[in-house]
Amino acid sequence: SQKIEQNSEALNIQEGKTATLTCNYTNYSPAYLQWYRQDPGRGPVFLLLIRENEKEKRKERLKVTFDTTLKQSLFHITASQPADSATYLCALLIYNQGGKLIFGQGTELSVKP
Amino acid sequence: DARVTQTPRHKVTEMGQEVTMRCQPILGHNTVFWYRQTMMQGLELLAYFRNRAPLDDSGMPKDRFSAEMPDATLATLKIQPSEPRDSAVYFCASGAGTLLLEAEAFFGQGTRLTVV
């Protein structure tokens, strides 16, 4: 069956450390992988997109890697801040299904001062 | 500033009643998604449209749910009859993607539905 899996347990880290979140998928061939942030009571907000032929993408303190052999993406937040506390969702864009965007369950990140 | 607008923000209804949720996508966006979010299931894709045509609604219970785009500025999601298990937050998202171009999805604030 097709699945997208993210760390189900909340991730608690100290301010200033690097947070690393994992997204694994099975039985999909995504063209793109996206990461979103969701705060309580709000809709998800887009952060980064990485294509299937890209290994790594950076944006300010964020870094995403994409390994289509392992079927895994890692999302890193360096020099984390309490304001980074939120739920982070990975999403796959599946082209052979007409541009379908499918989300993982999300990982809750808590950054303590 | 451009954003996806969903109405109503909150809806409490009795089991068996019809519920209609509305979404105004960002002007110029050609793709519209409907998602349902619960603690147990996360963000589930219910249906999506490109250029107002439905591409996939396999995530939707067909017997009670229906999704339409009467025009480019309005998408609707209807539940008839509603059941307590439909209680969730329903999100609409729009995007400007095509099969050749990457595109992010812009989400609305969601409609929190409670069926009692």
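As a summary of the residue check, B:TYR48 satisfies the conditions (1) at pLDDT below 95; (2) surrounded by fewer than 17 Cβ atoms within 10 Å (Cβ to Cβ); (3) touching a Lys or Arg at 6+ places or on another chain (Cβ under 9 Å) except for the one numbered (2). Count of segment A:95-113 residues, restricted to those that are at the interface with another protein chain (Cβ under 10 Å from one of its Cβ atoms) and assigned to a strand (DSSP E or B), is 4.
B:PHE91 - would you say it is surrounded by 15 or more Cβ atoms within 10 Å (Cβ to Cβ), within 11 Å of chain A (Cβ to nearest Cβ) and of a type outside the set (Gly, Ala, Ser)? When the stated conditions are applied, B:PHE91 passes them.
Taking the conditions (1) at pLDDT 95 or above; (2) surrounded by 13 or more Cβ atoms within 10 Å (Cβ to Cβ); (3) touching a strand residue (DSSP E or B) at 6+ places or on another chain (Cβ under 7 Å); (4) not small (Gly, Ala, Ser) in turn, B:GLU83 satisfies each one other than (2).
Return yes when A:PHE46 is within 19 Å of B:MET39 (Cβ to Cβ) and among the aromatic types (Phe, Trp, Tyr) and no when it is not. No. When B:TYR35 is tested against (1) in contact with an Asp or Glu (Cβ under 9 Å, 6 or more places away or on another chain); (2) crowded, with 18+ Cβ neighbours inside 10 Å; (3) over 15 Å from B:THR5 (Cα atoms); (4) not basic (Lys, Arg), just one condition goes unmet, and that condition is (3).
Scanning segment B:4-57 for residues that are within 11 Å of chain A (Cβ to nearest Cβ), under 11 Å from B:LEU113 (Cβ atoms) and of a type in the set (A, V, I, L, M, F, W, C) yields no hits at all.
Residue selection: A:ILE50 satisfies the criterion of being under 26 Å from A:ASN27 (Cβ atoms) and of a type in the set (Val, Ile, Thr). Remark: B:GLU104 falls outside the filter, which requires a residue to be of a type in the set (Asp, Glu), part of a strand (DSSP E or B) and closer than 26 Å to A:LEU48 by Cα.
For every residue, the table says whether it meets (1) closer than 14 Å to B:GLY110 by Cα; (2) within 13 Å of the chain's Cα centre (by Cα).
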site	(1), (2)
B:LEU27	no, no
B:THR31	no, yes
B:THR38	yes, no
B:ALA47	no, yes
B:ARG50	no, no
B:ASP57	no, yes
B:LYS78	no, yes
B:PRO81	no, no
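Among the residues of segment B:95-116, those identified as polar (S, T, N, Q) and modelled with pLDDT of 95 or more are B:GLN109, B:THR111, B:THR114. Taking segment B:53-97 as the range and being touching a residue at least 60 places away in the same chain (Cβ under 8 Å) and assigned to a loop (DSSP other than H, G, I, E, B) as the test, the residues that pass are B:GLN80, B:PRO81, B:SER82, B:GLU83, B:ALA96, B:GLY97. I want to confirm something. Restricting to segment A:10-45 and keeping residues that are free of Cβ contacts under 8 Å to residues at least 12 places away in the same chain and either more than 20 Å from A:PRO82 (Cβ to Cβ) or among the charged types (D, E, K, R) (or both), which single residue is surrounded by the fewest Cβ atoms within 10 Å (Cβ to Cβ)? This residue is A:ARG42.
If you go through segment A:50-76 and keep only what is outside any loop (DSSP other than H, G, I, E, B), surrounded by fewer than 20 Cβ atoms within 10 Å (Cβ to Cβ) and within 11 Å of chain B (Cβ to nearest Cβ), you end up with just A:ARG51.
The values are calculated or read from the model by the stated rules, or taken from the named source; none is laboratory data. Since the model is a prediction, treat every value here as computed from it, not as a measurement. Note that each Cβ is placed from the backbone with ideal geometry, even for glycine, and that neighbours are counted across all protein chains shown.
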